[in-house]
1. Can you give the angle from 0 to 90° between the axis of helix 57-69 and the longest principal axis of the chain, with both taken from C-alpha atoms, to the nearest 10?
2. How would you order 24-37, 4-17, 58-71 from highest to lowest mean count of nearby Cβ atoms within 10 Å?
3. Enter the angle in degrees (range 0 to 90, nearest 10) between the Cα long axis of helix 25-35 and the first principal axis of the Cα atoms of the chain, meaning the one along which they spread out most.
4. Could you calculate the contour length gain from Glu66 to Gln14, that is, 0.36 nm times the residue separation minus the distance between their Cα atoms, to one decimal place in nm?
5. Amide H to amide H under 5 Å from Ile22: which residues, 5+ apart in sequence or cross-chain, H placed 1.01 Å off N in plane?
6. With only Lys, Arg, Asp and Glu charged, each at its Cβ (+1 for the first two, -1 for the last two), find how big the charge dipole of the chain is about the Cα centre; round to the nearest 20 debye.
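Computed from the coordinates by the stated procedures, all read-outs in this text should not be read as laboratory data. Quick caveat: nothing in here was measured; it's all calculated off a predicted structure. We place every Cβ from the backbone using ideal geometry, glycine too, and count neighbours over all the protein chains shown.
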Amino acid sequence: MRDIEPYKAVALDQRTGKRPVISSRSHHRDFLKANGYVEVGTEPIRQRPVDYGDQNIGREIKQTIEKLRSR
């Protein structure tokens, strides 16, 4: 795989506050890592666990819908 053409980054480098020119794939990876950025579309989606809190949420939703229908 050939290297990429140089481009100006869309995001700011947090150390300099400027948009650097990225000149290689390794520079691109290093820039993302150093700034805590994630390239959209290349990382697997990680779903966060959902905390529903009250386990009676289904019952509460049904009651709310019934109340709205009875209006």
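1. On a 0 to 90 degree scale, this one is about 70.
2. Details: 24-37: 12.7, 4-17: 10.6, 58-71: 8.9.
Averaged packing, sorted descending, gives the order 24-37, 4-17, 58-71.
3. The angle comes out at about 50 degrees.
4. Numbers: separation 52, 0.36 × 52 = 18.72 nm, distance 5.18 nm.
Working it through step by step, the gained length comes to 13.5 nm.
5. Under 5 Å from the amide H of Ile22 lie the amide H atoms of Tyr7, Lys8, Ala9, each far enough along the sequence or on another chain.
6. Values: 15 positive and 10 negative charges, 45 e Å.
That gives a dipole near 220 debye.
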